[in-house]
Structures are given as structure tokens and as C-alpha cells.
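S.K.: Sharing a structure below in C-alpha cells format, with a few things to ask.
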Amino acid sequence: MMIILNTLIFTATFILMEVLAWFSHKYILHGVLWSVHKSHHSPRHGWFELNDVVSLLYGIVAAPLIYYGVQLEHWMLWVGIGITVYGVVYFIFHDIIIHRRIKIKYRFQHPYIKRLIRAHKIHHKHQEKEDSEAFGFLYAAKKYEQTMKRGVTIER
Ligand SMILES: [Zn+2]
Ligand SMILES: [Zn+2]
């Protein structure tokens, strides 16, 4: 029984993280924290950018949840694991597959991954705080399936 409950908590956390990431990207990062997020919409100098601090915040939340979850044998462990796994998947998709912060040459052919890449490229076509779109990271609406012309690169 516990395993079902824990799996549910983990899955719910993972899904909620995408909702939270979308919400904070749209209303906070492109809002009051634009001064931080701006670094992700302009050319990067070096490997790190100020915007990375946002990912660090999630780690700061997840670490005590995992630590005390283990110590107290509490279900908050699975919230912590959900946040952490989301962070890893986010990094793989957003930072490696889309932005190629780790150089890989592989071109993904899966329709869903192509849709995600297109949606995020459209997000990055806007270099300003306002009037952007496609704020999700692991979810992209169906309309981004074939809307982009070939050869558009990420401007940052
Ligand atoms: Zn943005
Ligand atoms: Zn991006």
C-alpha cells in the first residue's frame, strides 16, 4: 500500500513542479524577477548565468525534504525526490537537449521532443520581458507542432 501512495506523491510532485515552473516562468521570471531571468534571454558569458540561481532554489527546498524524510520515515521524502527528479529531467531537456550546454550533436526525431524544442525556440525569439509565449518546459501545446519554419536558431 505504501508503495502506491509514495508513487502517487512522487508523480503528483513531478507534475506540480512543471505547473509551478510554468507559473513562475510566466508570472515571476518574466515579471518582478526579470532582472535575474534576463540573463537567460541574452548571450551567456561563460558556462553559468544568473538565471541558474532559480534551479538552485529548488535544490535548497528538496534537500531538507529528503534529509528529514529519511530521518523521520516521512512521505515528504517523496516530495523531495519528485522535485529532484524534475530538476534532473528539466536539466536534460532544457539545458542539454534544447540549449546544448553540454555539447551533443544528436538530432532528436521524436515528435514530442521536436515540439518542445520548437516551443522553447519560439519562447527565446522574444528577448524582452513582455509578449513572450510558451513558458512550459516539459509541456508544449499542440499548436507548436509544426508552426516554426526550419532553420530558426535560439537567439540568446
Ligand atoms: Zn523566459
Ligand atoms: Zn531556455
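Values in this text are rule-based calculations from the coordinates and carry no lab data. Just so you know, these numbers come straight off a predicted model, no measurement behind them. Backbone-built Cβ (ideal geometry, glycine too); neighbour counts: all protein chains shown.
S.K.: Grab the DSSP H runs of the chain that are 4 residues or longer, score each as -39,500 (n - 2.57), total them, divide by all residues and round the 222 nm result to the nearest 500 deg cm²/dmol.
M.R.: Details: 5 runs with 76 residues, N = 156.
It comes out at -16000 deg cm²/dmol, rounded to the nearest 500.
S.K.: Sorting Val85, Val32, Val61 on the 10 Å Cβ count, fewest up front, what's the list?
M.R.: Working: Val85 15, Val32 9, Val61 12.
Listed from fewest to most nearby Cβ atoms, that is Val32, Val61, Val85.
S.K.: Just tell me which lysines come within less than 27 Å, Cα to Cα, of Lys129; anything on the same chain fewer than 8 places away is out.
M.R.: Candidates past the 8-residue exclusion: Lys26, Lys38, Lys114, Lys121, Lys142, Lys143, Lys149.
S.K.: In whole Å and largest first, what semi-axes does the C-alpha gyration tensor of the range 34-111 yield when each eigenvalue is scaled by 5 and square-rooted?
M.R.: Values: eigenvalues 167, 63, 16 Å².
Semi-axes, largest first: 29, 18, 9 Å.
S.K.: Connecting C-alpha atoms closer than 10 Å in a GNM of the chain, tell me which of Ala12, Ala140, Ala62 has the biggest fluctuation.
M.R.: Looking only at Ala12, Ala140, Ala62, the biggest GNM fluctuation is shown by Ala12.
S.K.: Something else now. Report the charge-dipole magnitude of the chain in Debye, nearest 20, computed about the Cα centre from +1 at each Lys and Arg Cβ and -1 at each Asp and Glu Cβ. Walk me through the intermediate numbers first.
M.R.: Details: 19 positive and 11 negative charges, 198 e Å.
In debye, rounded to 20, the chain gives about 960.
S.K.: For the range 120-129, what does the Karplus curve 6.51 cos²θ - 1.76 cosθ + 1.60, with θ = phi - 60°, yield as ³J(HN,Hα) per residue in whole Hz, taken in order and with x for Gly and Pro?
M.R.: 6, 5, 5, 4, 7, 5, 8, 9, 10, 5
S.K.: Volume per residue, Å³, of the convex hull around the alpha-carbon atoms of the range 10-156?
M.R.: Details: hull volume 18.2 nm³, N = 147.
For the range 10-156, the hull spanned by Cα atoms encloses 124 Å³ per residue.
S.K.: Once both axes come from the Cα atoms, what is the angle between helix 76-90 and the longest principal axis of the chain, in degrees from 0 to 90, rounded to 10?
M.R.: Orientation of helix 76-90: about 20 degrees from the principal axis.
S.K.: Would you compute, for the Cα atoms of the range 1-41, the largest minus smallest coordinate along each principal axis and list the three values in descending order, in whole Å?
M.R.: Result for the range 1-41: principal-axis Cα extents of 46, 15, 10 Å.
S.K.: Mind checking which of Leu57, Leu138, Leu29 has the largest fluctuation in a GNM of the chain, springs on alpha carbons under 10 Å?
M.R.: Result for the chain, Cα springs under 10 Å: Leu57 fluctuates most.
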